[in-house]
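Report on the structure given below.
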Amino acid sequence: MDKRNGNKASQLCEDLCTFIRRCILSVLTVGPVPRHIAFIMDGNRRYAKNRNLEDGAGHKLGYVALMNMLKYCYELDVKYVTIYAFSIENFKRRPEEVQSTMQLIKEKIEGMLREESLFNQYGVRVYFVGNLKLLSESVKLSAEKAMEATTHNSKVVLLVCIAYTSTDEILHAVEESCREKRAEFRKGMENSESLITVTDIEKHMYMADVPNPDVIIRTSGETRLSNFLLWQSAYTLLCSPSILWPEIGFRHLVRAVLDYQRNFAYLEQKQKQS
Amino acid sequence: MTILPLHLHFSLARSPLKPHSFPHARPQVVTGPAENSVEVNGTYPGGVSGQLPSGLRRELMPSHVAVIMDGNRRWARMRGLPIGSGYEAGAQALRRIVELCCEWGIRVLTVFVFSSDNWFRPKMETDLLMELFERVLKDELQHFERENVRVSLIGDTTKLPKSLQELLANSVGTAQKNSHLHLIMAVNYSGQNDVVQACQKIAVKVKDGLIKPDDINKFLVEKELETNCTDYPHPDLLVRTSGELRISNFLLWQLAYTELYFTNSLWPDFGEDEFVEALFSFQKRQRRYGGRNS
């Protein structure tokens, strides 16, 4: 009897929270809403260490936080969400840590492939963005399967930056542009400016089909981009709440959206000028 | 709502407008622990021996600081002054920071003087700025030579008034031995354009058969970026004043691992105390470059 009452009470609580959240969202959406939010999910390990949890527990809780943020972004009608899952520089960490992070990523990717997953429920289309050749064959294969499995989803696009750095993205774009233009090069162009233009570079960026992020949120109070979306963040609002990634919640997203709305007129003008 | 700031230049007290009060920040001599004091090539401007303010550690000082000098117009508006006064005050603030960098052993200071986006401002305002910049630059050049400050320029100067172009060409000195500070002025600069022009130069090498597309790596790009004029092309610390939280197309590639410091102070009010606070914040941070501390 007590257990049933307990379950009822927690269900009621959850329903109430959802109701309050929906009210706040409906107020927020009166103003402009970011089309694209990017997250640097910093602080999983520190969170686990602070609470004396086992290795890997921080990342698992971080994944739960990510799913919640995806849900809130979906409710807010944000169209694109980008996350910095694994940098090329992270490969320099201890092999056991790299291995365990890759294993976790693979598990979660495989979770996406299941029908009843949140991804299909919310209509999330997933892209894996980065130098995928650097991934192990099994992770790469899972990523490709997940991209294929979510092709039909169209509500939200989730870009997972894995084996990614911005400098690598730009290098890759230049390399591809040069390859593409090889035939023209052989004709002997005089003017170096027409060899490669900004349009050529942008066309070959991993993030080519996606609008630039309106907001980048980096948790754990660190205020740097760490080689994430350098090209795309020229005019992006940068938020750096001090909470660790597993602690991120709805109120932090609300705060970021309010900051975005305060800066909106400026950002709109920049878009008109470019 | 802030429109992109129009950034700043140097000024001496020839300005007809006396600023109300902002700190004439002659560097304070602070007696700190002996290991913090450094004397480089004799005395610094003002005869100060180069000791760091208390609390700052010599070994954690950034080699390269970049600054977006935002808030000059707001500063003037808040005081009911014309915009020109804001820029003049901003120039004084910059002069203070240059002196402090010299004193504290910061090797490179890059300042966002004028963004290529700023051309969208009213012509009258951009003309005023160009005139101001030219005037104060003329005044400052000898000052820099005396203080052993090496000056470089990044950005596209071809759109600037001819007289300013000539002045800038003359102001960029050849490498001075043992210069206290390398001051890099970003004039009509865009971080994206910098990357594009570097990529274009690399494309020329591919076209000429000097390199293959497979050979393109980050070192090749960095060699062609405009910041190749310094041994420290990547800022350790970027400071942006006036509370705006964005990069605004400044030094994009070079900022990959730069610590970003945003402060609500308006640029003309950014003095020694504010700079110390920024440096203190920088020194507390853990820079991991994608790795781990432990």
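Among the residues of the range B:163-195, those that are at pLDDT 90 or above, in a helix (DSSP H, G or I) and either more than 14 Å from chain A (Cβ to nearest Cβ) or closer than 30 Å to residue B:104 by Cβ (or both) comprise B:191, B:194. Can you tell me which residues in the range A:19-52 are hydroxyl-bearing (Ser, Thr, Tyr), in a helix (DSSP H, G or I) and closer than 15 Å to residue A:253 by Cβ? Passing the criteria: only A:26. Answer yes or no: is there a residue in the range B:66-77 that is at negative phi, out of contact with any Asp or Glu (no Cβ under 6 Å at 6 or more places or on another chain) and without any contact (Cβ under 8 Å) to a residue 12 or more places away in the chain. Yes; the residues of the range B:66-77 include at least one that is at negative phi, out of contact with any Asp or Glu (no Cβ under 6 Å at 6 or more places or on another chain) and without any contact (Cβ under 8 Å) to a residue 12 or more places away in the chain.
Yes/no matrix, rows are residues, columns are (1) in contact with a Cys (Cβ under 9 Å, 6 or more places away or on another chain); (2) assigned by TED's automatic domain parsing to the domain that holds residue A:128; (3) without any contact (Cβ under 8 Å) to a residue 24 or more places away in the chain; (4) surrounded by fewer than 18 Cβ atoms within 10 Å (Cβ to Cβ):
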residue: A:6; (1), (2), (3), (4): no, no, yes, yes
residue: A:11; (1), (2), (3), (4): no, no, yes, yes
residue: A:23; (1), (2), (3), (4): no, no, yes, yes
residue: A:37; (1), (2), (3), (4): yes, yes, no, no
residue: A:65; (1), (2), (3), (4): no, yes, no, no
residue: A:82; (1), (2), (3), (4): yes, yes, no, no
residue: A:85; (1), (2), (3), (4): yes, yes, no, no
residue: A:94; (1), (2), (3), (4): no, yes, yes, yes
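Against the test of being within 23 Å of residue B:156 (Cβ to Cβ), within 11 Å of another protein chain (Cβ to nearest Cβ) and among the polar types (S, T, N, Q), the options B:228, B:217, B:249 yield a single qualifying residue, B:249. Entry remark, the range B:235-294: residues being over 20 Å from residue B:113 (Cβ atoms), touching an Asp or Glu at 6+ places or on another chain (Cβ under 7 Å) and of a type in the set (Phe, Trp, Tyr) number 2 in total. When you scan the range B:216-227, do you find a residue that is over 20 Å from residue B:93 (Cα atoms) and touching a residue at least 60 places away in the same chain (Cβ under 8 Å), even just one? Yes, the range B:216-227 contains a residue that is over 20 Å from residue B:93 (Cα atoms) and touching a residue at least 60 places away in the same chain (Cβ under 8 Å).
Quick one: which of B:273, B:208 is in contact with a helix residue (DSSP H, G or I) (Cβ under 9 Å, 6 or more places away or on another chain), of a type outside the set (Phe, Trp, Tyr) and more than 18 Å from residue A:216 (Cα to Cα)? Being in contact with a helix residue (DSSP H, G or I) (Cβ under 9 Å, 6 or more places away or on another chain), of a type outside the set (Phe, Trp, Tyr) and more than 18 Å from residue A:216 (Cα to Cα) holds for just one of B:273, B:208, which is B:208.
Going through (1) touching a strand residue (DSSP E or B) at 6+ places or on another chain (Cβ under 9 Å); (2) closer than 28 Å to residue A:255 by Cβ; (3) more than 9 Å from chain A (Cβ to nearest Cβ) one by one, residue B:259 falls short only on (3).
The values are calculated or read from the model by the stated rules, or taken from the named source; none is laboratory data. If you're wondering where the values come from, they're calculated on a predicted model, not measured in any experiment. For neighbour counting, all protein chains shown are included, and Cβ atoms are generated from backbone atoms with ideal geometry for every residue, glycine included.
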